[in-house]
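As structure tokens, the structure follows; a few thoughts come after it.
Read the figures in this text as sums done on the coordinates, not as results from a lab. All figures in this text were calculated on a predicted structure; none of them were measured in a lab. As a convention, Cβ positions derive from the backbone with ideal geometry for all residues, glycine included, and neighbour counts pool all protein chains shown.
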Amino acid sequence: KALPHMYDSSNLEVSQHFATSEDGTKIPFFMVSKKGLVLDGSNPTLLYGYGGFEISLTPRYISTVGISWLERGGVYVEANIRGGGEYGPDWHQSALKKNRNKCYEDFIAVGKHLIDSKICTPATLACRGGSNGGLLTGNMLVQAPDLFGAIHIAVPLLDMKRYHKLLAGASWMAEYGDPDTDDWEEFLYKYSPYHNIDAKRDNYPNVLLTTSTRDDRVHPAHARKMVKKLWDLGEGKNWSVFYYENIEGGHGGAADSKQEAFMTSLSYDFMWRALTSTIPKNE
């Protein structure tokens, strides 16, 4: 027995590729696209990643991606960056604390590989991540803003100076480091998105931040502070920053199926419109 098909996958193909990170490490990623994909850079492409806590991203059936992205003709990519568990404990441990930059370099390398392969351009490339993946995409905003046309930062960690003082944050210091020690000056501040917004930039990509008022794992203050700072520093500039906070739901961002459907639609529609040039600035 099997559940019914949730979307038409008959014309899709899955392929694995490798990008070369800054230190020469080969980073695997999976790509789902329509058969006979035209390599002209025009394909709306969504790059997803996590890169933490030894969590592996492996091929699976995701109905929301199929309905919201693939049926529209988009390309979906999952990057198996360091910090995850795809190659065992060493893959995870190679991106802890002072080496956290490795997972961000890996993700950027995959994005550049997609562009160099003419699958997309920066204008047609989006990235999405939540929780630790929200820290990842938050760093894409401040470290590689010219690489993406749209970024979704969901239920994120963003203030790495105070993360350990909020909710469950103290339990993650083995992953990130301790801001109350020399860790802050040595490496933590370098990947704290809240502290690395460039006020001198005229342009940032379209960005959507989402959180939940009742998130009991990653405090909504991370997203709230980040969006307020972006709005303040970006006043009068070409910074297209959007924010949505669901008042219910926990770390998953939604309390029931109806809310989950809304949050999913909000995310994918935002990214699709941003990449297809149909979302006005400061809408």
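Summary table below
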| read-out | value |
| --- | --- |
| Full-extension gain in nm, Asn11 to Ala168, via 0.36 nm per residue minus C-alpha separation | 52.2 nm |
| 14 Å cut-off, amide nitrogen to a point 7 angstrom out along Ser42 Cα→Cβ, residues in the range 58-98 | 73-74 |
| Arg214-Glu71 pseudo-label distance in nm [points 7 Å out on the Cα-to-Cβ vector] | 3.0 nm |
| Amide hydrogen neighbours beyond the local backbone of Gly83, cut-off 5 Å, H modeled | His92, Ser94, Ala95 |
| Cα-centred dipole magnitude for the chain, charges only on beta-carbon of K, R (+1) and D, E (-1), debye, nearest 20 | 400 debye |
| Gain upon complete extension [Asn99, Thr181; 0.36 nm per residue less C-alpha separation] | 27.9 nm |
| Only Lys, Arg (+1) and Asp, Glu (-1) charged, at Cβ; the range 29-80 dipole about Cα centre in debye | 180 debye |
| Dipole in debye (nearest 20) - the range 147-283, about Cα centre, beta carbon charges: Lys, Arg +1; Asp, Glu -1 | 460 debye |
| Candidate values (1) 69, 60, 32; (2) 61, 50, 41; (3) 53, 44, 43, label of the one derived for Cα extents along the principal axes in Å | (3) |
| The range 150-253 shape via C-alpha gyration tensor axes, a/c threshold 1.5 | oblate |
| Net charge contributed by nearby residues that have their C-beta within less than 9 Å of Thr58 (K/R +1, D/E -1) | -1 |
| Residue-averaged 222 nm ellipticity for the chain, from DSSP H runs of 4+ at -39500 (n - 2.57), nearest 500 | -7500 deg cm²/dmol |
| Among Ser265, Pro193, Pro205 the positive-end extreme of the charge dipole of the chain (Cβ point charges) | Ser265 |
| Share antiparallel - DSSP beta bridges, the chain, percent rounded to 5 | 35 percent |
